[in-house]
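Right, one structure below, let's go through it.
The values are calculated or read from the model by the stated rules, or taken from the named source; none is laboratory data. The model shown is predicted, which means the values in this text are computed figures rather than measured ones. Using ideal geometry, Cβ is built from the backbone for each residue, glycine included, and neighbour counts are taken over all protein chains shown. Please note that ligands, DNA and RNA were not included when accessible areas were found on the heavy atoms of the full protein model with its side chains. Shrake-Rupley method; radii C 1.70, N 1.55, O 1.52, S 1.80 Å.
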Amino acid sequence: MAIRSKGFWGVALITVSLSVLWTGLSRTFSVFVPAKYNTMFVDANTIFWHVLAPVALTYLVFFLLMRRMERVGQVYQQQPLIVHRGVRILFAIIVIAMILFSLFNLYQHLHAILNHWHHNSLARLLFAFMSTFFVGLLEESVFRGFALTEFRRRFNEAISCLLSLILFGFWHLPNIIAGAPVIQASLQVFSTMIIGFGLYMAIRLSRSIWGGVLMHWFWDFALVIAH
(Lines give C-alpha, C1' and ligand atoms only; values in the text may rest on other atoms or scores of the structure.)
Protein backbone atom coordinates (compact mmCIF):
# COMPACT_ATOMS: atom_id res chain seq x y z
CA MET A 1 0.00 0.00 0.00
CA ALA A 2 1.39 3.38 -0.99
CA ILE A 3 2.03 5.77 1.89
CA ARG A 4 0.86 9.31 1.32
CA SER A 5 3.60 11.77 2.24
CA LYS A 6 3.01 14.71 4.55
CA GLY A 7 3.93 18.25 3.56
CA PHE A 8 6.03 20.64 5.60
CA TRP A 9 3.19 21.89 7.78
CA GLY A 10 1.93 18.39 8.50
CA VAL A 11 5.39 17.33 9.66
CA ALA A 12 5.81 20.61 11.57
CA LEU A 13 2.54 20.04 13.44
CA ILE A 14 3.72 16.61 14.60
CA THR A 15 7.15 17.81 15.71
CA VAL A 16 5.80 20.88 17.53
CA SER A 17 3.16 18.77 19.28
CA LEU A 18 5.81 16.34 20.50
CA SER A 19 8.00 19.20 21.73
CA VAL A 20 5.10 20.75 23.63
CA LEU A 21 4.29 17.30 25.05
CA TRP A 22 7.71 16.65 26.58
CA THR A 23 8.19 20.20 27.89
CA GLY A 24 4.64 20.21 29.26
CA LEU A 25 5.27 16.91 31.05
CA SER A 26 8.52 18.29 32.45
CA ARG A 27 6.70 21.35 33.79
CA THR A 28 3.88 19.19 35.20
CA PHE A 29 6.33 16.93 37.02
CA SER A 30 7.62 20.01 38.86
CA VAL A 31 4.82 19.20 41.29
CA PHE A 32 6.88 16.21 42.46
CA VAL A 33 10.38 17.70 42.27
CA PRO A 34 10.63 21.48 41.75
CA ALA A 35 13.53 22.64 39.57
CA LYS A 36 14.40 25.44 37.20
CA TYR A 37 15.34 24.76 33.57
CA ASN A 38 19.05 25.29 34.17
CA THR A 39 19.08 23.06 37.28
CA MET A 40 17.44 19.97 35.78
CA PHE A 41 20.72 18.05 35.85
CA VAL A 42 21.84 18.92 39.37
CA ASP A 43 20.85 15.54 40.86
CA ALA A 44 19.24 12.21 40.02
CA ASN A 45 15.71 13.21 41.08
CA THR A 46 15.55 16.35 38.95
CA ILE A 47 17.01 14.48 35.97
CA PHE A 48 14.41 11.71 36.27
CA TRP A 49 11.34 13.93 36.67
CA HIS A 50 12.33 16.77 34.36
CA VAL A 51 14.16 14.93 31.55
CA LEU A 52 14.19 11.13 31.61
CA ALA A 53 10.52 10.45 32.32
CA PRO A 54 9.08 13.21 30.06
CA VAL A 55 11.36 12.35 27.12
CA ALA A 56 10.87 8.58 27.45
CA LEU A 57 7.08 9.01 27.54
CA THR A 58 7.23 11.32 24.52
CA TYR A 59 9.28 8.76 22.61
CA LEU A 60 6.63 6.13 23.41
CA VAL A 61 3.93 8.42 22.02
CA PHE A 62 6.06 9.08 18.93
CA PHE A 63 6.70 5.37 18.35
CA LEU A 64 2.99 4.54 18.66
CA LEU A 65 2.16 7.37 16.25
CA MET A 66 4.70 6.04 13.74
CA ARG A 67 3.13 2.58 14.00
CA ARG A 68 -0.29 4.05 13.35
CA MET A 69 1.06 5.98 10.36
CA GLU A 70 3.04 2.93 9.14
CA ARG A 71 6.30 4.89 9.35
CA VAL A 72 8.41 2.84 11.80
CA GLY A 73 10.37 1.17 9.00
CA GLN A 74 10.90 4.56 7.35
CA VAL A 75 12.30 6.09 10.53
CA TYR A 76 14.94 3.40 11.03
CA GLN A 77 15.73 2.49 7.44
CA GLN A 78 19.25 2.62 5.95
CA GLN A 79 20.38 6.08 4.89
CA PRO A 80 21.42 6.84 1.29
CA LEU A 81 25.07 6.41 0.35
CA ILE A 82 27.14 9.59 -0.08
CA VAL A 83 28.47 9.14 -3.59
CA HIS A 84 30.87 12.08 -3.80
CA ARG A 85 34.19 11.29 -2.09
CA GLY A 86 34.92 14.95 -1.29
CA VAL A 87 31.61 15.29 0.55
CA ARG A 88 32.36 12.15 2.56
CA ILE A 89 35.76 13.53 3.58
CA LEU A 90 34.28 16.91 4.56
CA PHE A 91 31.53 15.26 6.59
CA ALA A 92 34.08 12.97 8.28
CA ILE A 93 36.30 15.93 9.28
CA ILE A 94 33.37 17.78 10.87
CA VAL A 95 32.06 14.69 12.68
CA ILE A 96 35.53 13.88 14.02
CA ALA A 97 35.89 17.48 15.20
CA MET A 98 32.57 17.19 17.06
CA ILE A 99 33.72 13.94 18.67
CA LEU A 100 37.01 15.50 19.77
CA PHE A 101 35.19 18.52 21.19
CA SER A 102 32.86 16.20 23.13
CA LEU A 103 35.83 14.19 24.43
CA PHE A 104 37.45 17.40 25.65
CA ASN A 105 34.24 18.46 27.42
CA LEU A 106 33.83 15.00 28.90
CA TYR A 107 37.37 15.00 30.25
CA GLN A 108 37.04 18.48 31.73
CA HIS A 109 33.71 17.84 33.38
CA LEU A 110 34.44 14.33 34.66
CA HIS A 111 37.71 15.61 36.11
CA ALA A 112 35.79 18.28 38.01
CA ILE A 113 33.16 15.76 39.19
CA LEU A 114 35.78 13.31 40.45
CA ASN A 115 37.46 16.10 42.37
CA HIS A 116 34.15 16.95 44.07
CA TRP A 117 32.70 13.43 44.39
CA HIS A 118 29.83 12.94 46.86
CA HIS A 119 27.09 10.43 47.66
CA ASN A 120 24.79 11.57 44.81
CA SER A 121 27.45 11.72 42.08
CA LEU A 122 27.13 8.15 40.77
CA ALA A 123 23.32 8.23 40.61
CA ARG A 124 23.44 11.62 38.90
CA LEU A 125 25.88 10.33 36.25
CA LEU A 126 23.78 7.21 35.58
CA PHE A 127 20.55 9.18 35.21
CA ALA A 128 22.28 11.74 33.00
CA PHE A 129 23.62 8.86 30.90
CA MET A 130 20.14 7.35 30.48
CA SER A 131 18.30 10.62 29.92
CA THR A 132 20.68 11.85 27.22
CA PHE A 133 20.28 8.50 25.46
CA PHE A 134 16.51 9.00 25.30
CA VAL A 135 16.95 12.62 24.18
CA GLY A 136 19.21 11.44 21.34
CA LEU A 137 16.86 8.59 20.45
CA LEU A 138 13.77 10.81 20.41
CA GLU A 139 15.23 13.76 18.53
CA GLU A 140 17.10 11.71 15.93
CA SER A 141 14.05 9.51 15.35
CA VAL A 142 11.82 12.56 14.91
CA PHE A 143 14.10 14.71 12.76
CA ARG A 144 16.69 12.55 10.99
CA GLY A 145 14.30 9.59 10.86
CA PHE A 146 10.75 10.78 10.33
CA ALA A 147 11.00 14.42 9.15
CA LEU A 148 14.03 14.09 6.88
CA THR A 149 12.75 10.96 5.18
CA GLU A 150 9.26 12.42 4.84
CA PHE A 151 10.64 15.50 3.09
CA ARG A 152 12.69 13.31 0.74
CA ARG A 153 9.40 12.14 -0.77
CA ARG A 154 8.78 15.67 -2.04
CA PHE A 155 12.11 17.50 -2.19
CA ASN A 156 15.76 16.97 -3.06
CA GLU A 157 18.32 16.11 -0.35
CA ALA A 158 19.50 19.69 0.29
CA ILE A 159 15.98 21.07 0.77
CA SER A 160 14.98 18.05 2.87
CA CYS A 161 17.99 18.54 5.12
CA LEU A 162 17.33 22.28 5.47
CA LEU A 163 13.66 21.83 6.35
CA SER A 164 14.44 19.15 8.94
CA LEU A 165 17.08 21.44 10.49
CA ILE A 166 14.62 24.33 10.71
CA LEU A 167 12.13 22.12 12.53
CA PHE A 168 14.89 20.76 14.76
CA GLY A 169 15.81 24.29 15.74
CA PHE A 170 12.24 25.33 16.53
CA TRP A 171 11.75 22.07 18.45
CA HIS A 172 13.74 23.80 21.22
CA LEU A 173 11.59 26.95 21.40
CA PRO A 174 8.93 25.29 23.63
CA ASN A 175 11.71 24.82 26.21
CA ILE A 176 10.15 28.05 27.49
CA ILE A 177 7.32 25.86 28.80
CA ALA A 178 9.87 23.84 30.78
CA GLY A 179 11.20 27.06 32.30
CA ALA A 180 13.93 28.18 29.90
CA PRO A 181 14.39 31.97 29.64
CA VAL A 182 13.01 33.35 26.36
CA ILE A 183 16.40 34.59 25.18
CA GLN A 184 18.08 31.27 25.96
CA ALA A 185 15.39 29.27 24.15
CA SER A 186 15.59 31.62 21.16
CA LEU A 187 19.36 31.20 20.93
CA GLN A 188 18.92 27.42 21.13
CA VAL A 189 16.81 27.56 17.98
CA PHE A 190 19.83 28.70 15.98
CA SER A 191 22.59 26.81 17.81
CA THR A 192 20.78 23.49 17.52
CA MET A 193 20.31 23.98 13.78
CA ILE A 194 24.10 24.11 13.48
CA ILE A 195 24.60 21.09 15.74
CA GLY A 196 21.83 19.29 13.89
CA PHE A 197 23.75 19.63 10.63
CA GLY A 198 26.67 17.79 12.25
CA LEU A 199 24.27 15.08 13.40
CA TYR A 200 22.89 14.86 9.87
CA MET A 201 26.47 14.28 8.67
CA ALA A 202 26.86 11.50 11.25
CA ILE A 203 23.83 9.59 10.01
CA ARG A 204 24.85 10.02 6.38
CA LEU A 205 28.38 8.76 7.07
CA SER A 206 27.20 5.78 9.13
CA ARG A 207 24.22 5.25 6.78
CA SER A 208 22.13 4.66 9.90
CA ILE A 209 20.08 6.81 12.22
CA TRP A 210 21.90 5.05 15.05
CA GLY A 211 25.07 6.88 14.10
CA GLY A 212 23.20 10.11 14.82
CA VAL A 213 21.67 8.73 18.02
CA LEU A 214 25.09 7.76 19.41
CA MET A 215 26.65 11.06 18.38
CA HIS A 216 23.75 13.02 19.85
CA TRP A 217 23.91 10.98 23.05
CA PHE A 218 27.65 11.53 23.49
CA TRP A 219 27.46 15.26 22.67
CA ASP A 220 24.65 15.93 25.16
CA PHE A 221 26.11 13.77 27.94
CA ALA A 222 29.48 15.51 27.71
CA LEU A 223 27.72 18.87 28.09
CA VAL A 224 25.06 18.25 30.74
CA ILE A 225 27.30 16.61 33.34
CA ALA A 226 28.85 20.04 33.89
CA HIS A 227 25.63 21.24 35.56
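Determine which residues of the range 191-217 fall in the zone a paramagnetic label at residue 78 would reach in this model, i.e. backbone nitrogen under 16 Å from the point 7 Å along Cα→Cβ.
Counting only backbone N, you get 203-211.
Using Cα pairs closer than 8 Å and at least 6 residues apart in sequence, work out the relative contact order for the chain, in percent.
Reported relative contact order: 34 percent.
What nm value, rounded to one decimal, do you get for the distance between residue 20 and residue 183 when each label is placed 7 Å out toward the C-beta?
2.8 nm
Taking each pair of different alpha-carbon atoms in the range 79-191 once, compute 1/r for the pair, average those values, and report the inverse of that mean as the Kirkwood hydrodynamic radius in Å to one decimal.
17.1 Å
Whole number in Å², please: accessible area per residue of the range 125-227, 1.4 Å probe, ligands, DNA and RNA not counted.
38 Å²
Pick out which of 136, 86, 73 has the largest mean-square fluctuation in a Gaussian network model of the chain, springs linking Cα atoms closer than 10 Å.
Result: 86 has the largest fluctuation of those listed.
Out of the GluC sites (Glu not before Pro) in the range 64-142, which ones are loop residues according to DSSP with at most 15 other C-beta atoms within 10 Å?
70
When the chain is treated as a GNM, springs tying every alpha-carbon pair under 10 Å, which of 56, 158, 128 comes out with the largest mean-square fluctuation?
Highest fluctuation of the listed residues: 158.
Any idea how far the Cα center of the range 21-83 sits from the one of the range 130-158, in Å?
The two parts, judged by their Cα centres, are 13 Å apart.
Could you work out how far helix 182-206 tilts from the main Cα principal axis of the chain, as a 0 to 90 degree angle to the nearest 10?
So the helix axis and the longest Cα principal axis differ by about 60 degrees.
How much of the accessible area of the range 1-144, in percent, comes from carbon and sulfur atoms when a 1.4 Å probe is used?
The nonpolar share, carbon plus sulfur, comes to 71 percent.
So what is the accessible area of the range 1-83 per residue, in Å², with the probe set to 1.4 Å?
56 Å²
Say we join alpha carbon atoms closer than 10 Å with springs in a Gaussian network model of the chain; which of 20, 31, 95 then has the biggest fluctuation?
With Cα springs under 10 Å in the chain, the top fluctuation among 20, 31, 95 is at 31.
What translational D, rounded to a whole number of µm²/s, comes out for the chain from Stokes-Einstein when the hydrodynamic radius is the Kirkwood one over Cα pairs, at 4 °C and 1.567 mPa s?
The diffusion coefficient I find is 71 µm²/s.
When the chain is fully extended, how far beyond the present Cα-Cα distance does residue 32 get from residue 156, taking 0.36 nm per residue of separation?
Length gained, residue 32 through residue 156: 40.0 nm.
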